[in-house]
Amino acid sequence: MPVYPETEGLSSRWLRYKIQPLLKYIYNIKDYLPEKIKRNQDLVGLEAAVRTVHFPENTFELKKAKKRIAFDELFLLQLKVLIKKLEYQKEKAPSIKFQEGLSKKFVQSLPFRLTEAQRKSSWEIIQDIGKDTPMNRLLEGDVGSGKTVVSCFAMFLVAKSGFQSAFMCPTEILAKQHYQRITKILKPFGIKISLLVGGLKKKDKEGILEKIKQKEAQVVIGTHALIQEGVQFKNLALCVIDEQHRFGVEQRKRLKEISGDKKTSPHFLSMTATPIPRTLTLTMYGDLDVSILDEMPPGRQPVVTKLAPKDKREAAYDFIRRKVKKGQQVFVICPLI
């Protein structure tokens with residue numbers, strides 16, 4: 001008799017009652033994997049795997065059945081990712097040509113020297129946006145590693161080529177912070193920047209929407225308000241997506257619709273400070289090319305991470321009190337409300 005893991009409201013008995021009538025259809029399962037692949041990977045048949053998971057004869061057979069099902073899950077995920085990548089490659093995108101002279105001026109204008117990782121990532125992005133197929137790249141780097149500057153480099157070249165860029169943030173606070181930072185970097189070059197967030201007054205919002213439509217706004221920074229009704233770009237060529245790992249198909253479709261040219265798709269650059277293991281990147285984000293900022297700019301203080309056990313809780317609170325007395329701030333994250 002099968003014994004299923006239980007959770008609140010779902011007993012093993014209830015699951016057996018629901019699953020039992022379906023087991024007679026196991027014999028209708030068709031195995032799509034060729035025999036050669038199953039032999040090379042030491043995989044049992046799909047029908048046998050499903051049957052064994054429900055009625056295991058021994059732990060060895062159960063282990064082999066779980067291996068086959070796990071293989072199928074990862075294989076189908078990879079297949080979906082590959083299909084998505086091939087679909088993106090069929091689309092056309094504006095080609096942003098590399099301008100060496102302007103690029104040197106941009107780099108020289110910065111009040112700091114770019115790290116080797118920033119230079120490498122910037123060059124990878126520049127090469128991507130120079131193609132007539134959409135870039136689909138993930139820029140990964142810790143907080144303070146310089147992701148914003150790298151994205152600014154790309155938006156700078158896009159603006160100087162006569163196109164628009166959109167920089168989308170998950171929250172209004174982050175959008176305002178990025179607006180201040182990006183304005184400081186790009187405004188000296190005469191690039192016009194606008195901020196579009198949900199909290200704007202109606203008159204201000206209408207004015208910004210008109211600027212976007214007429215290309216008076218070359219770089220537009222905002223939240224999901226950027227893809228809401230009423231937004232229409234003149235010639236959107238680059239979308240920078242900050243901390244939204246899997247920007248959905250529907251959102252992509254929407255950006256293409258409002259880009260100003262329905263025959264082309266904008267280039268996409270996703271940014272994250274979340275460290276993603278290489279194996280997970282290849283599995284879950286295989287449709288993305290990846291650039292990694294693996295070094296911090298000189299002079300940055302290293303981030304210290306400490307784990308306080310239960311018996312050190314009071315010592316941790318004392319540490320927090322001392323920091324607060326010095327005028328510093330503490331951010332407490334709770335697992336539950």
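Quick notes
- Considering only residues in region 1-39 that are out of contact with any Ser or Thr (no Cβ under 8 Å at 6 or more places or on another chain) and of a type in the set (Phe, Trp, Tyr), the one that is surrounded by the most Cβ atoms within 10 Å (Cβ to Cβ) turns out to be Trp14.
- Residues satisfying the stated conditions in region 264-277, i.e. closer than 21 Å to Val303 by Cβ and surrounded by fewer than 21 Cβ atoms within 10 Å (Cβ to Cβ): Thr272, Ala273, Thr274, Pro275, Ile276, Pro277
- Every pair of residues 6+ apart whose Cβ atoms lie under 9 Å, when the first sits in region 23-48 and is within 16 Å of Leu76 (Cα to Cα) while the second is of a type in the set (Ser, Thr, Tyr) and not in a helix (DSSP H, G or I): Leu46/Tyr32
- Filter result (among the basic types (Lys, Arg) and either touching a Phe, Trp or Tyr at 6+ places or on another chain (Cβ under 9 Å) or in a strand (DSSP E or B) (or both)) within region 201-220: Lys213, Lys215
- Residue in region 98-119 that is surrounded by the most Cβ atoms within 10 Å (Cβ to Cβ), counting only those that are within 25 Å of the chain's Cα centre (by Cα) and charged (D, E, K, R): Arg119
- Some residue of region 136-155 being under 16 Å from Pro94 (Cα atoms) and either assigned to a helix (DSSP H, G or I) or not assigned by TED's automatic domain parsing to the domain that holds Gln228 (or both): yes
- Looking across Gln232, Gln244, Gln218, Gln228, one residue alone is closer than 28 Å to Ser194 by Cα, assigned by TED's automatic domain parsing to the domain that holds Gln180, at pLDDT 90 or above and surrounded by fewer than 16 Cβ atoms within 10 Å (Cβ to Cβ). It is Gln232.
- Count of region 268-320 residues which are assigned to a helix (DSSP H, G or I), modelled with pLDDT of 90 or more and under 30 Å from Arg254 (Cα atoms): 0
- Residue match in region 133-152 (condition: farther than 20 Å from Glu243 by Cβ, surrounded by 19 or more Cβ atoms within 10 Å (Cβ to Cβ) and either in contact with a Leu (Cβ under 9 Å, 6 or more places away or on another chain) or at pLDDT 95 or above (or both)): no
Residues are listed down the side, and each one gets a yes or a no for (1) among the aromatic types (Phe, Trp, Tyr); (2) closer than 30 Å to Thr264 by Cα; (3) assigned by TED's automatic domain parsing to the domain that holds Gly190; (4) under 35 Å from the mean Cα position of the chain (by Cα):
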residue: Tyr27; (1), (2), (3), (4): yes, no, no, no
residue: Leu33; (1), (2), (3), (4): no, no, no, yes
residue: Lys36; (1), (2), (3), (4): no, no, no, no
residue: Asn40; (1), (2), (3), (4): no, no, no, yes
residue: Thr52; (1), (2), (3), (4): no, no, no, no
residue: Phe55; (1), (2), (3), (4): yes, no, no, no
residue: Leu74; (1), (2), (3), (4): no, no, no, yes
residue: Leu77; (1), (2), (3), (4): no, yes, no, yes
residue: Lys84; (1), (2), (3), (4): no, yes, no, yes
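- Here Tyr179 fulfils each of the conditions (1) part of a helix (DSSP H, G or I); (2) buried (at least 21 other Cβ atoms within 10 Å of the Cβ); (3) touching a helix residue (DSSP H, G or I) at 6+ places or on another chain (Cβ under 9 Å) apart from (3).
- Qualifying residue in region 157-172 (condition: free of Cβ contacts under 8 Å to residues at least 24 places away in the same chain and in a helix (DSSP H, G or I)): no
- Matching residues in region 50-81 - criterion: being touching an Asp or Glu at 6+ places or on another chain (Cβ under 8 Å) and of a type in the set (A, V, I, L, M): Val81
- Of the residues making up region 186-200, at least one is touching a strand residue (DSSP E or B) at 6+ places or on another chain (Cβ under 9 Å), without any contact (Cβ under 8 Å) to a residue 12 or more places away in the chain and not in a loop (DSSP other than H, G, I, E, B).
- Verdict on Ala65 being surrounded by 13 or more Cβ atoms within 10 Å (Cβ to Cβ), out of contact with any Leu (no Cβ under 9 Å at 6 or more places or on another chain) and either at pLDDT 90 or above or aliphatic (A, V, I, L, M) (or both): yes
- Subset of region 120-132 [surrounded by 14 or more Cβ atoms within 10 Å (Cβ to Cβ) and part of a helix (DSSP H, G or I)]: Lys120, Ser121, Ser122, Trp123, Glu124, Ile125, Ile126, Asp128, Ile129
The values are calculated or read from the model by the stated rules, or taken from the named source; none is laboratory data. Computed from a prediction, not measured in an experiment: that's the story for all the values here. Positions of Cβ are generated from backbone atoms using ideal geometry, with glycine treated the same way; all protein chains shown enter the neighbour counts.
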